[in-house]
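The values are calculated or read from the model by the stated rules, or taken from the named source; none is laboratory data. Being a predicted model, the structure only gives us computed values, none of them experimental. Using ideal geometry, Cβ is built from the backbone for each residue, glycine included, and neighbour counts are taken over all protein chains shown. Surface accessibility is based on the protein's heavy atoms, side chains included, excluding ligands, DNA and RNA. Shrake-Rupley method; radii C 1.70, N 1.55, O 1.52, S 1.80 Å.
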Amino acid sequence: MKFIAGNWKMNGSRAALQTMIDALRDVDTKNTVVLCVPYTMLGADAGRAALGAQDVSMHHHGAFTGEVSAEMLRDVNAKYVIVGHSERRQYHGETNDMVREKAAAAIAAGITPIICVGETMDEKQAGKTMAIIESGVRESVPENVDAPIVIAYEPRWAIGAGLTPTADEIAAAHTLIADTLKSMGLAGTPVLYGASVKGNNAAEIMSIPNVDGVLVGGASLKPDDFIPIITSVK
Ligand code: PGA
């Protein structure tokens, strides 16, 4: 069984989400399917999928204009939240320390964080890929986690670019993450791969050791693109 998550980013509408939910109803799969949608689309009856958000405040309540707390996400039945996505790190200056606090806030509210780590092109070219991944996991995962979490490895240079690392590079990254999680007492935590996953590469990517599923951006917006990814693996 694999974990297939869509990240709609700032796209879609409630009508588009309803179209996706209706299309997913008849899909024959045992895989876990999650749609991480803009806040305004949460609260829908997602049928066989679960809904998640794309960010959460590290604060619980109070004078933080524009922010949304984990308790508020739970109030609209969100089951997951992406934290530390590359675009949050790039455009909003989020650091591993901030991501860890957001993940902790989600866990405290009973929401499963999907914690993103990954290297930029500069870091890759400087030979720092493995160091960035390992410090990303060690610093972005809260201490003493006693609830489910999910990790997503997203090479930041490959997101939305139609580029993917080689199978060997993905295997090396995922093995490092699995080993790091094990050393933190978190063996068995699902580790997703994300960045330019499509219907024509999803099965191959999910056959790589320690790849427990995928986090899909652009190809999660339309049923014709997303469903073939979900059904590409048993
Ligand atoms: P992409 O995005 O599939 O469009 O590359 C992935 C992501 O940003 O999560």
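Working carefully through the options 138, 88, find the one that is at pLDDT 95 or above, within 16 Å of the ligand (Cβ to nearest atom) and among the basic types (Lys, Arg). Working first, answer last.
Values: 138 fails: within 16 Å of the ligand (Cβ to nearest atom).
One residue alone meets the criteria, 88.
Working carefully through the options 218, 194, 199, 213, find the one that is open to solvent by 10 Å² or more (accessible area, probe 1.4 Å) and out of contact with any Ser or Thr (no Cβ under 7 Å at 6 or more places or on another chain).
On the way: 194 fails: open to solvent by 10 Å² or more (accessible area, probe 1.4 Å); 199 fails: out of contact with any Ser or Thr (no Cβ under 7 Å at 6 or more places or on another chain); 213 fails: open to solvent by 10 Å² or more (accessible area, probe 1.4 Å).
Criteria check complete, one pass: 218.
Among the residues of region 65-77, are any within 16 Å of the ligand (Cβ to nearest atom) and either surrounded by 14 or more Cβ atoms within 10 Å (Cβ to Cβ) or at negative phi (or both)? Explain how you work it out, then say what you get.
As a first pass, look at region 65-77 and keep what is within 16 Å of the ligand (Cβ to nearest atom): none.
Looking through region 65-77, none of the residues is within 16 Å of the ligand (Cβ to nearest atom) and either surrounded by 14 or more Cβ atoms within 10 Å (Cβ to Cβ) or at negative phi (or both).
Please enumerate the residues belonging to region 19-44 that are surrounded by 15 or more Cβ atoms within 10 Å (Cβ to Cβ) and in a helix (DSSP H, G or I).
Matches in region 19-44: 20, 21, 23, 24, 39, 41.
Could you run through region 95-131 and say how many residues are part of a loop (DSSP other than H, G, I, E, B), among the acidic types (Asp, Glu) and surrounded by fewer than 23 Cβ atoms within 10 Å (Cβ to Cβ)?
Going through region 95-131 one residue at a time, the tally reaches 0.
Looking only at residues that are more than 9 Å from the ligand (Cβ to nearest atom) and outside any helix (DSSP H, G or I) in region 149-162, which one is surrounded by the most Cβ atoms within 10 Å (Cβ to Cβ)?
155
So for region 92-109 (the condition being touching a helix residue (DSSP H, G or I) at 6+ places or on another chain (Cβ under 8 Å) and within 16 Å of the ligand (Cβ to nearest atom)), does at least one residue qualify?
yes
Checking the structure you have, find out if any residue of region 197-205 is within 16 Å of the ligand (Cβ to nearest atom), under 17 Å from residue 117 (Cα atoms) and not in a loop (DSSP other than H, G, I, E, B). Show your work before the answer.
The initial filter retains those residues of region 197-205 that are within 16 Å of the ligand (Cβ to nearest atom), namely 197-205.
Checking which are under 17 Å from residue 117 (Cα atoms) leaves us with 197.
Checking the rest, the ones that are also not in a loop (DSSP other than H, G, I, E, B) come to none.
No, region 197-205 contains no residue that is within 16 Å of the ligand (Cβ to nearest atom), under 17 Å from residue 117 (Cα atoms) and not in a loop (DSSP other than H, G, I, E, B).
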